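These notes concern the structure reproduced below.
The values are calculated or read from the model by the stated rules, or taken from the named source; none is laboratory data. Since the model is a prediction, treat every value here as computed from it, not as a measurement. Glycine gets a Cβ as well: all are built from the backbone with ideal geometry, and neighbour counts include every protein chain shown.
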Amino acid sequence: MYSHSQSARRKTTKRRVRLLRGFVASLAFLPVCAAAAPTAGEDYLEVLTLAPDAANGAELFTQCAECHGDVGAGIVDGTTPRIAGQHYRVLVKQLLDFRHGLRIERQGSRGIGDGKQTVRGQRVYAARCASCHGRAGEGMDSQAVPRVAGQHAAYLLRQAYDALDGRRPKLGGSHNKLLAPLSTDEMLALTDYLSRLGWHSEEKNHPKTP
């Protein structure tokens, strides 16, 4: 015969065991749940299989125009980038990064620098950036490498320092190695040079969307 206190302890122990088993079962199930939710990379690959709907896109763009402007020109002070003419895959990737919390942005004619060091900026670009972003800053749609030619100088400068300061984690690694050695003057020269490049210098640099 069990005393009342012993019976109560047994019930408490059984309840704790059930709770523990439930907790362990939940832990075992977590990876399955995580795997079920698509990642930004998986969403990106899926979107690229879809046929673009320009009419629907025009309607959705009215929400974007509040910040980026009616023609996607952005703001010259660099708070909002120019997106008109940007590569299709780059835009897809950036939108998905926002959706998945991989980018956190601060809100905010063409924004250019003072024009005093563009030759220096050209040298810096050729040495450190052109191998990925292209000789003329045209980027590469197939690899989702952004077009940087013609982008607002202040925006480019902010993105560079955001990468260095860890506010753009996905721009770390190679970008940090390339940008960290640059002085402030070299950064200003680089971004000023890029802001003055033609956005569509050649037809081949403006591929049609898939």
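Structural remarks
- Single match in 65, 84 (criterion: at negative phi, part of a loop (DSSP other than H, G, I, E, B) and at pLDDT 85 or above): 84
- Odd one out for residue 55, checked against (1) modelled with pLDDT under 85; (2) small (Gly, Ala, Ser); (3) loosely packed, with under 13 Cβ neighbours inside 10 Å: (1)
- Flag if residue 178 is under 29 Å from residue 41 (Cβ atoms), over 18 Å from the mean Cα position of the chain (by Cα), crowded, with 16+ Cβ neighbours inside 10 Å and in the same structural domain as residue 87 (by TED's automatic domain parsing): yes
- Residue within region 19-32 that is modelled with pLDDT of 50 or more, at negative phi and either outside any helix (DSSP H, G or I) or not assigned by TED's automatic domain parsing to the domain that holds residue 158 (or both) present: no
- Flag if residue 73 is in a loop (DSSP other than H, G, I, E, B), in contact with a helix residue (DSSP H, G or I) (Cβ under 7 Å, 6 or more places away or on another chain) and surrounded by 15 or more Cβ atoms within 10 Å (Cβ to Cβ): no
- Filter result for residue 118 (touching a Phe, Trp or Tyr at 6+ places or on another chain (Cβ under 6 Å) and among the β-branched types (Val, Ile, Thr)): yes
- Any hit, region 94-117, residues being in the same structural domain as residue 198 (by TED's automatic domain parsing), at pLDDT 85 or above and exposed (fewer than 14 other Cβ atoms within 10 Å of the Cβ): yes
- The listed residue being assigned to a helix (DSSP H, G or I), more than 21 Å from the chain's Cα centre (by Cα) and modelled with pLDDT of 90 or more, out of 189, 160: 189
- Against the numbered list (1) at pLDDT 90 or above; (2) surrounded by fewer than 17 Cβ atoms within 10 Å (Cβ to Cβ); (3) assigned to a loop (DSSP other than H, G, I, E, B), residue 201 comes up short only at (1).
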